[in-house]
Amino acid sequence: MNFIFRPLFLTTMALGLAVSATAQDAPSAPPPNPEEVPTAPPPADPPAEPVTPPADAPAASDAAGEVAVPAVPAMPADQYMGVPEYMLNIDLSTGGRVVVQLYPNIAPQHVERVKQLARAGFYDGVKFHRVIDGFMAQTGDPTATGQGGSQLPDLKAEFNPTPHLRGTVSMARAEAEDSANSQFFIMLQPRFALDNRYTAFGRVVSGMQYVDAIQKGEPPAVMSRMVQVSVAADNKPVPPPALLTETPPPAPAAAITADQLNAPIQ
C-alpha cells in the first residue's frame, strides 16, 4: 500500500505545480468596453431648504410644467349690459339698424378691437362676402375676398363657452387660433360646434330681420354691406333711408324650353 500511495501522491503534486505555472504564463483577459462598465450614480444634491412662496404667488398645479393662474373677476353685468359704451350699432343696406350687445366680460380684447375699428370708420361700407343660408353671415374684410383685414396686429384667442345661438356675433379667423383681426360673423341659426373654437363677443338684441335679409352666397351675386358701424355711446344717427338700400340681384335667366329650340329661325 505504501509503494502504491507514494507514486500517486507525487504525481498529483507534479500536476498541481504544472497547472500553477501555466496559469502564471497565460495573458490576462481584456477589460470590458467602456460602454459596458456600469458607473455609479452621482451623489444626490443635498435637499434645499424649504422656501415659503409669497402670498400673491400663483399656486402650482398638479400637472408638471403648468401653473394655475388665479381667475380674474368677470365684469359685473350692470357695467356692460345695456350700457351704450358696450353696444354696437350696425346700419345695413338691407334696410335698418342692427344693435349688438357686446360682452367685454368674456372677450375684452376682441370687444376693444371692434370698437376701435368702428370709431375709426374702418367698417363703413364693408360688404358681407360670405353668407351661408341657415348658418352665418361674414363681413369685416374691406377687400370683400375673405383674405383682408386691418393694419392692426392679430388678436390672441379668447375662446369661451358662450353658445353660438341665432344672433351671436363671433370673430372669424384663419386656421391658426390667434389669427383673428377684423372679420366677424353673425349667426343665422345655432351651431354649437363653434363653441370654444371661435371667440364669441356679442349678440344681436334688435334688428335681426335686417341680418336675415343679407344677400346669400359665397360670394353673393350682390353683396349687402354695412353702411355705418358705430359705438352706441357716440350717438351717431341712422343714415337716411336712401342709403340703406341695395341693388337687387339680377333675375335668373328664363329657362329655354324645347319649343323655343324647335322654333324656326327668324
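Can you confirm whether ASP141 is open to solvent by less than 10 Å² (accessible area, probe 1.4 Å) and under 25 Å from LEU244 (Cα atoms)? Yes, satisfied.
Within the stretch 233-247, is even one residue of a type in the set (Asp, Glu) and closer than 26 Å to ASN105 by Cα? Yes; the residues of the stretch 233-247 include at least one that is of a type in the set (Asp, Glu) and closer than 26 Å to ASN105 by Cα.
If only residues of the stretch 88-114 that are part of a strand (DSSP E or B) and open to solvent by 10 Å² or more (accessible area, probe 1.4 Å) are counted, the one that is farthest from ARG197 (Cα to Cα) is ARG97. Residue check: LEU261 meets all listed conditions (1) modelled with pLDDT under 95; (2) in a loop (DSSP other than H, G, I, E, B) but one, namely (2).
Within the stretch 195-214, the residues that satisfy the criterion of being closer than 18 Å to LYS156 by Cβ and surrounded by fewer than 20 Cβ atoms within 10 Å (Cβ to Cβ) are ASN196, ARG197.
Being within 20 Å of VAL231 (Cα to Cα) and assigned to a loop (DSSP other than H, G, I, E, B) is a property that does not hold for SER170.
Among residues that are among the aromatic types (Phe, Trp, Tyr) and in contact with a helix residue (DSSP H, G or I) (Cβ under 7 Å, 6 or more places away or on another chain), TYR198 is not included.
For every residue, the table says whether it meets (1) of a type outside the set (Gly, Ala, Ser); (2) in contact with a helix residue (DSSP H, G or I) (Cβ under 9 Å, 6 or more places away or on another chain); (3) touching a residue at least 24 places away in the same chain (Cβ under 8 Å).
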site: ALA118; (1), (2), (3): no, yes, yes
site: LEU155; (1), (2), (3): yes, yes, yes
site: SER170; (1), (2), (3): no, yes, yes
site: GLU177; (1), (2), (3): yes, no, no
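The values are calculated or read from the model by the stated rules, or taken from the named source; none is laboratory data. A quick note: this is a predicted structure, and the numbers were derived from the prediction, not measured. Quick reminder, even Gly has a Cβ in these numbers, built from the backbone with ideal geometry, and neighbours come from all protein chains shown. The protein model used for the area step is the full one, side chains on, heavy atoms only, and it has no ligands, DNA or RNA in it. Shrake-Rupley method; radii C 1.70, N 1.55, O 1.52, S 1.80 Å.
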